[in-house]
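Here, each number is a calculation from the coordinates, and none is a lab measurement. Since this is a predicted model, take the numbers as computed values, not measurements. For neighbour counting, all protein chains shown are included, and Cβ atoms are generated from backbone atoms with ideal geometry for every residue, glycine included.
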Amino acid sequence: MKKLIEKYLTNTISSSEMMDLSDWLRKDENKETFKAHILQYYDLNYALQDVDVESEYMTLMKSISKQKNSYKKWYKWAAIFVGVIGLSSLYVLSTHNKVVTEDNEITLKLENGDVKIIRENNNERIINEEGTIVGVYHDDKLEYKNTKVNDKELVYNELSIPYGKKLQLVLSDGTMVHLNAGSTLKYPVKFLKGKDRKVFLSGEAYFVIATDKLHPFIVNTQDVNIQALGTKFNVNSYREDNEMNTVLVEGSVGLYKVDEKFDTNTSTVLQPGYKFTWDKSEESINVKEVDVSEYTAWTKGELLFKMKPFSEIIKILERNYDVVITNNYSSLNEKRFLAKFDTETIEQILISFQSSEDFSFTIEKNRITINRR
């Protein structure tokens, strides 16, 4: 049972395992064991105090009991905890609908300025002015890996992902890029010998870099360059946000201002499991250890929030579901939530939060308004 508790606390538990854990928790003698694990986990990871675990048990059991009877044929469990000092828990429902406008399309801007629409579930060839195939889109992946083009100068394409969609991209060197909703990436059709492998990002992307020690891979954001060699990392750099974040999963990366050069003595070098934050307004740097799963879950189609303020959750929901959310309940913005979703609709997610915070919401097409009840 210890393994199930660890899976529960790290959000890796399956639906069937969750049900086994729920049955086990119904016995009073098992509460203290579970309580000890919760307190230890949150003390180590979130520095939370005064966690009312007994209250969590009661809420947990009531939620499971109610929803098992009503939705056992249709839904799976997704755990949510909300707290500023204490925590409470609940479970939410799951289906496969997303709120996405029909006219939002993934677009690819070619080197001559032409714009090509990339339609999901289609097989397409990307052809340059000379009639050469420079890329192939298939199985929801755009691939440049075997590109045959002129090696004399860099030629760029620019991929734009609208809200509500994501895409995988394979660059000419084999580097894999997961692009999140609302992101734009400008990249060479083919990387050239003797030149850095440099791409330009606005938005969020997860990079799995192909190893090439002779050609550093550099991600350029608005203010910061991220230089890597054979590594995995996530970059969140939306222009409208005040912060740029880089989370290193594997390998090492160096970070430095765009008007500077990489220097091992002056640049910030990240180790795996750490997050680099650049505050745009204050031009300040912060580095801290984090749980990388929170920052990479989106690449698996999941939304994972670990004590994240509701104000930040709103931004993520807007991008992922292509909606506009107006929150008239200002104090809700400061509430922090621990939650995991994958196939839930936006309505189901908001209903989940309603179970812990008393607010109402209305949905009109892709516009959502939240009010204090």
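Please compute the contact order of segment 140-219 in relative form: average sequence separation of alpha-carbon pairs under 8 Å and at least six residues apart, divided by the residue count, as a percent.
With pairs under 8 Å counted, the relative contact order is 29 percent.
Counting other Cβ atoms within 10 Å of each Cβ, which trypsin sites (Lys or Arg not before Pro) in segment 130-228 have at most 13 and sit in a DSSP loop?
On the way: sites: Lys141, Lys145, Lys148, Lys152, Lys165, Lys166, Lys186, Lys190, Lys193, Lys195, Arg197, Lys198, Lys213; in loops: Lys145, Lys148, Lys152, Lys165, Lys166, Lys190, Lys193, Lys195, Lys213.
Counting only loop positions with at most 13 other Cβ atoms within 10 Å, the trypsin sites (Lys or Arg not before Pro) in segment 130-228 are Lys148, Lys152, Lys193, Lys195, Lys213.
Simple spin-label model, 7 Å along Cα-to-Cβ: Glu130 to Glu347 in nm?
5.4
Which whole-number percent gives the relative contact order of segment 239-370, counting Cα pairs below 8 Å spaced six or more residues apart?
Relative contact order for segment 239-370 comes out at 18 percent.
Along the Cα→Cβ direction, 7 angstrom out, place labels at Lys141 and Ile285. What is the inter-label distance in nm?
For the pair Lys141/Ile285, the computed spacing is 3.5 nm.
Once you list every other residue whose beta carbon is under 11 Å from the beta carbon of Asn180, what net charge do they have if Lys and Arg are +1 and Asp and Glu are -1?
Local net charge: +2.
Taking amide H positions as placed in the peptide plane 1.01 Å from N, state which residues far from Asp196 in sequence (5 or more) or on other chains have amide H under 5 Å from it.
none
Loop only by DSSP, 16 or fewer other Cβ within 10 Å of the Cβ. Give me the GluC sites (Glu not before Pro) in segment 277-336 that pass, ordered by residue number.
Glu282, Glu283, Glu302
Considering only DSSP beta bridges where both residues belong to segment 131-269, give the percentage that are antiparallel (nearest 5).
Percent antiparallel among DSSP bridges in segment 131-269 is about 85.
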